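What follows is a set of notes on a single structure, which appears directly below.
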Amino acid sequence: MSMEMNKLLEAGAQAPGFTLPDGEGGCVSLADFAGKRVVLYFYPKDNTPGCTRQACAFAGAFEEFRQLGAVVIGISKDSAASHKRFAEKHGLPFLLLSDPELTAIQAYGVWQEKKMCGKVSMGVVRTTFIIDQDGVIEKVMSKVKPDTNAAEVLAYLKGSE
């Protein structure tokens, strides 16, 4: 696989389509949301402290996102069963999609080298994409902070209405 594959997509690029399983045993495609703005956030792992805080912040602001006509979708490489438990445990009202094959994760360029405690490994870099009604990436927020990401996205959406 070429390294070019792992280049983070930029604003103005067409958002790559995907169809991935959700926690309920169904499949969800990006195309299902044509005509809506989509907040697509990639995160490393269910039930880890940062990812839980990030997900709960999106959940807390879910009604505001709904009022703005935006769909929130979280993607990680966890299994659909893991997503179901994560969503139930924390009352998450938005879609969590499972990408164990890294299809969307690599298409969006968020699978990158991460350094932790001196070790280098590949993993998902916490990144949020805002996709417009026509399926074009309008904003990329890379290396987002779990605690402030949902608020930053809301502020962006409100400012660009």
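A cut-off of 5 Å between modelled amide H atoms, ignoring neighbours fewer than 5 places along the same chain, links GLU138 with GLY12, ILE130, ILE131, ASP132. Rounded to the nearest 20 debye, the dipole magnitude of the chain is 600 debye, with +1 charges on Lys and Arg beta carbons, -1 on Asp and Glu beta carbons, and the Cα centre as origin.
Would you mind counting up the charge near GLU10? Only other residues with Cβ under 13 Å from its Cβ, with Lys and Arg at +1 and Asp and Glu at -1. Neighbour charge sum, excluding GLU10 itself: +1.
The apolar share of the surface of segment 1-155, taken as the fraction of accessible area on carbon and sulfur atoms (1.4 Å probe, ligands and nucleic acids excluded), comes to 55 percent. Across the chain, the volume of the C-alpha convex hull divided among the residues equals 109 Å³ per residue. Averaged over its residues, the chain has an accessible area of 50 Å² per residue, based on protein heavy atoms and a 1.4 Å probe. Ignoring lysines fewer than eight residues from LYS114 along the same chain, the ones with Cα atoms less than 30 angstrom from its Cα are LYS7, LYS45, LYS77, LYS84, LYS89, LYS139, LYS143, LYS145. For segment 93-104, the Karplus equation 6.51 cos²θ - 1.76 cosθ + 1.60, evaluated at θ = phi - 60°, returns couplings of x, 10, 6, 10, 10, 9, 10, x, 7, 6, 4, 6 Hz by residue, with Gly and Pro reported as x. Once backbone amide H atoms are built at 1.01 Å from N, THR19 has no partners under 5 Å, excluding neighbours fewer than 5 places away on the same chain. Centroid-to-centroid, using Cα positions, segment 38-61 and segment 66-137 are 8 Å apart. Projected label points at GLU88 and ASP132, each 7 Å from Cα along the beta carbon direction, are separated by 4.1 nanometres. If a spin label sat at a point 7 angstrom from the Cα of GLU101 along the line to its beta carbon, the backbone N atoms of segment 19-59 nearer than 12 Å would be those of 19-21. For MET122, the accessible area of its heavy atoms, probed at 1.4 Å with every protein chain present, is near 80 square angstrom. Each residue of segment 120-133 was assigned a 3J(HN,Hα) from its phi angle through the Karplus expression (A = 6.51, B = -1.76, C = 1.60, θ = phi - 60°), giving 10, 9, 8, x, 7, 8, 4, 9, 10, 10, 10, 10, 7, 4 Hz with x at Gly and Pro.
By DSSP, the beta bridges lying fully in segment 46-161 are antiparallel in about 75 percent of cases. Here the 3J(HN,Hα) profile of segment 35-49, calculated from phi with Karplus coefficients 6.51, -1.76 and 1.60 at θ = phi - 60°, is x, 10, 7, 10, 9, 10, 10, 9, 9, x, 7, 4, 6, 8, x Hz, Gly and Pro shown as x.
The amide H of LEU97, built 1.01 Å from its N in the peptide plane, has GLY74, ILE75, SER76 as neighbours under 5 Å, considering only residues 5 or more places off or on other chains.
The values are calculated or read from the model by the stated rules, or taken from the named source; none is laboratory data. Keep in mind that what you see is a predicted model, and the values were worked out from it rather than measured. Cβ: placed from backbone, ideal geometry, glycine included. Neighbour counts: every protein chain shown. The protein model used for the area step is the full one, side chains on, heavy atoms only, and it has no ligands, DNA or RNA in it. Shrake-Rupley method; radii C 1.70, N 1.55, O 1.52, S 1.80 Å.
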